[in-house]
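Shown next, in structure tokens, is the structure this report addresses.
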Amino acid sequence: MTSNSYSSATEHAHEPQLRGLKRWLLTTNHKEIGTLYLIFSLTMFFIGGTMALVIRAELFQPGLQLVQPEFFNQMTTMHGLIMVFGAVMPAFVGLANWMVPLQIGAPDMALPRLNNFSFWLLPLAFSLLLSSLFMEGGGPNFGWTFYAPLSTTYAPPSTNFFILSIHLAGISSILGAINIIATILNMRTPAMKLMDMPLFVWTWLITAFLLLAVMPVLAGVVTMMLLDINFGTSFFNAAGGGDPVLFQHLFWFFGHPEVYIMILPAFGIASMIVPAFARKRLFGYRSMVYATASIAILSFVVWAHHMFTVGLPLAAQLFFMYATMLIAVPTGVKVFNWVATLFHGSISFEVPMLFTLAFIVQFTIGGLSGVMLAIVPADYQYHDTYFVVAHFHYVLVPGAVFAIIAGVYYWLPKWTGYYPDETLGRWHFWLSVIGVNLTFFPMHFSGLAGMPRRIPDYALQFADFNLLSSLGGFLFGLSQLLLVWVVVRCVRGGKPAPDNPWEGAEGLEWTVPSPAPLHTFSTPPEFIPERDSPSRA
Amino acid sequence: MNSLSLRTQQQGIRRTLWWLLLMLCGSVAFTVALVPLYDVFCELTGINGKGVNSAQVLQSTGIDQQRNVEVQMVTRTAAGMNWHFSATLSHKAVHPGEIHQMWFRMQNLGRTTGRARAVPSISPAEASNYFLKLECFCFNDQQLAAGEVLEVPVVFQIRSDLPEDLHRLTLAYTLYPQTGP
Ligand SMILES: [Cu+2]
């Protein structure tokens, strides 16, 4: 750092305003970068969603209709990778970029140039990943968990590109996490203590630490794959003295915290929206913070619940079973707090609130099937069936994705200066709820009946459930076009929004004009904890 | 914001960056250490069923004539390997503490000389620390000319303190092709 870089956070205010493509390529503004992240995430959501619809179209009825099994495997793999690393994670980073500085009263992120770099790594990473579909031998086809030796000995030649793109996405996440932590810890408006921060900021702070801890493990795993494939090492190769089970341990040591990386910020969003539309302060602010931290810490000691069937010793199975069940306690605290916030509130049901309430109910369903999967003897039965698919889609789609959409509706007036269209929003909500549940609820039953994951064809007895899932999938997928329409209309115009568009909403982000000007809080805003803190008595 | 408080803020950010980088180095170091840690952990506990990969020392703790443990022999060749590989005896009842010898037969059915290595696995995994290989063909590579047949032994002892609830062990060998030096 040069000696005069202390002014880096604000110096771009004096730079000449760039236009066109260059403005977006070179921007260091947290709002513009946030918008870029969100647009990127939406694009990936539709690409990954199209792949999901290829899968659902093939599974519409038994037999092979549309695609070859090899291509089907590429679709399941790419769908998972794109949705996890390309859609959900960047959406949360985008929301953090937009809202964290506004919520803590900072003029920008702590490291604006690094911020630009971490964003632009992503389009590069995902163009690489998507291009592998067109390479000789096809793209990744080993499942999003890329278990060795499927992803080493038996992998297509394009796997090196897959590894590189995971590395790039990982570096982007790590840099983003560093930036967010540095911003939150140093750039809060004076008088805002940690325990005065909005919960979206808190959950992101904890998420960023999780990212910092586990993304290097992911990078390590793919590096070992690279060495095994190209340089004759045998980390995961039994023939050379390695151990394929080691891959699974390492992958899930990253993978389980990763699922919390994708859900903790969603908890934060729900904890912003529920109080706003119940017109009450959040019940149990402190316990929310402690619950988030406990979930994050526990996430490091439960990874082997994904591996109950590899032949773990009994003691290990018991430990991982109980540790996993223990996570239900802090999670239950959160759900309890949201419900207690609703209790005796004066609730109104605007679109952000509808999505948040659906999030709470549907996430809880996903949490409950998670507890079922934690039971070792039951897991022997459920392992690798559609029951698992139903479980993780419930926490991710009607869970995390619904929370992201809720956040978008909640903050859109601040971004564009207009309210999103209420009628269209309601249509979007109801079609999404019906579609998502029609897709994923029947998967519980096909899974319990024994339908395995990741197959392009299935036995006749699963036909009815799959028919429902496919119909629901297309309904849900197509109704997301409504979201695009709502957002485009909202950018163009609509009912003008005041600084604080929601009657019960609190927080510094609502003290700046709507739409938020490019530069806000060049002087730190006034913050009186007794009046403004979400944790005040 | 005046330039003084801005400067303290930038110093704070710099300090945070340093210890975040330190943390990151910590997680990278931890990742690198995970593989050797896993190997040591598995060797101590035997939970991956691999057992020890070199000749072990005979334990003279006496023979438990009262107990019979069935040892099963399972063989397989890796995908694409044109070798025949079998155990001369599929199972044998032994007393814990006794020393036994078993024979395996391998034949190169291909047209060229090949080299292979058998990788053992013992299940249930908790038995692997009680199964001592005093001599095993799996410690070395085997080189066979086209059509050549080789009979190879494993000499083993099951420790007499084998846990009471174990009545049957399976010793599985997978034959993998070896390339390179
Ligand atoms: Cu998990």
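The values are calculated or read from the model by the stated rules, or taken from the named source; none is laboratory data. What you see is a predicted model; the values in this text were computed from it and never measured. Here Cβ is always computed from backbone atoms with ideal geometry, including for glycine, and neighbour counts include all displayed protein chains. Remember, those area values only see protein heavy atoms, side chains included, never the ligands or the DNA or RNA. Shrake-Rupley method; radii C 1.70, N 1.55, O 1.52, S 1.80 Å.
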Please find, among A:Val408, A:Val433, the residue that is within 30 Å of A:Gln381 (Cα to Cα) and in contact (Cβ under 8 Å) with a residue 12 or more places away in the chain. A:Val433
Could you pull out every one of the helices (runs of 4 or more DSSP H) wholly within the range A:69-155 that has 1 or more residues that are surrounded by fewer than 20 Cβ atoms within 10 Å (Cβ to Cβ)? A:69-81, A:112-131
Among the residues that make up the range A:209-223, is at least one of them more than 25 Å from A:Leu129 (Cα to Cα), crowded, with 24+ Cβ neighbours inside 10 Å and within 21 Å of the chain's Cα centre (by Cα)? no
Within the range B:130-181, how many residues turn out to be acidic (Asp, Glu), within 14 Å of another protein chain (Cβ to nearest Cβ) and farther than 19 Å from B:Thr113 by Cα? 1
B:Cys25 open to solvent by less than 30 Å² (accessible area, probe 1.4 Å) and either at the interface with chain A (Cβ under 8 Å from one of its Cβ atoms) or without any contact (Cβ under 8 Å) to a residue 12 or more places away in the chain (or both): no
The condition from (1) modelled with pLDDT under 90; (2) in the same structural domain as B:Gly147 (by TED's automatic domain parsing) that B:Gln107 misses is numbered (1)
Count of the range A:296-305 residues which are open to solvent by less than 50 Å² (accessible area, probe 1.4 Å) and either within 11 Å of the ligand (Cβ to nearest atom) or of a type in the set (Phe, Trp, Tyr) (or both): 5
Within the range A:176-190, tally of residues that are part of a helix (DSSP H, G or I) and at the interface with chain B (Cβ under 10 Å from one of its Cβ atoms): 9
With respect to A:Phe320, is the statement that it is more than 27 Å from A:Ala87 (Cα to Cα), open to solvent by less than 10 Å² (accessible area, probe 1.4 Å) and within 14 Å of the ligand (Cβ to nearest atom) true? no
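Conditions tested, residue by residue: (1) more than 16 Å from the ligand (Cβ to nearest atom); (2) crowded, with 21+ Cβ neighbours inside 10 Å; (3) assigned to a loop (DSSP other than H, G, I, E, B); (4) away from chain B (no Cβ under 11 Å).
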residue: A:Leu226; (1), (2), (3), (4): yes, no, no, yes
residue: A:Ser234; (1), (2), (3), (4): yes, no, yes, no
residue: A:Gly242; (1), (2), (3), (4): yes, yes, yes, no
residue: A:Leu246; (1), (2), (3), (4): yes, no, no, no
Answer yes if at least one residue in the range A:348-358 is assigned to a helix (DSSP H, G or I), within 14 Å of the ligand (Cβ to nearest atom) and at pLDDT 95 or above, and no otherwise. no
For the range A:253-275, does any single residue satisfy the condition of being farther than 30 Å from A:Asn500 by Cβ and more than 13 Å from the ligand (Cβ to nearest atom)? no
Take B:Ser60 and tell me if it is without any contact (Cβ under 8 Å) to a residue 60 or more places away in the chain and not assigned by TED's automatic domain parsing to the domain that holds B:Val155. yes
Looking for whichever is over 15 Å from the mean Cα position of the chain (by Cα) and open to solvent by less than 40 Å² (accessible area, probe 1.4 Å) here; the options are B:Val69, B:Val57, B:Val32. Which one fits? B:Val69
Given (1) in contact with a Pro (Cβ under 6 Å, 6 or more places away or on another chain); (2) modelled with pLDDT under 95, number of the condition A:Trp24 does not satisfy: (1)
Scanning the range B:28-51 for residues that are free of Cβ contacts under 8 Å to residues at least 60 places away in the same chain and among the charged types (D, E, K, R), the one nearest to the other protein chains (Cβ to nearest Cβ) turns out to be B:Asp39
Does the range A:97-107 include one or more residues that are at positive phi and touching a Leu at 6+ places or on another chain (Cβ under 8 Å)? yes
Looking at (1) more than 14 Å from the ligand (Cβ to nearest atom); (2) outside any loop (DSSP other than H, G, I, E, B); (3) hydrophobic (A, V, I, L, M, F, W, C); (4) surrounded by 14 or more Cβ atoms within 10 Å (Cβ to Cβ), which one does A:Leu312 not meet, given that it meets all the others? (2)
Considering (1) at pLDDT 95 or above; (2) loosely packed, with under 15 Cβ neighbours inside 10 Å, say which one A:Ser470 fails and leave the rest. (2)
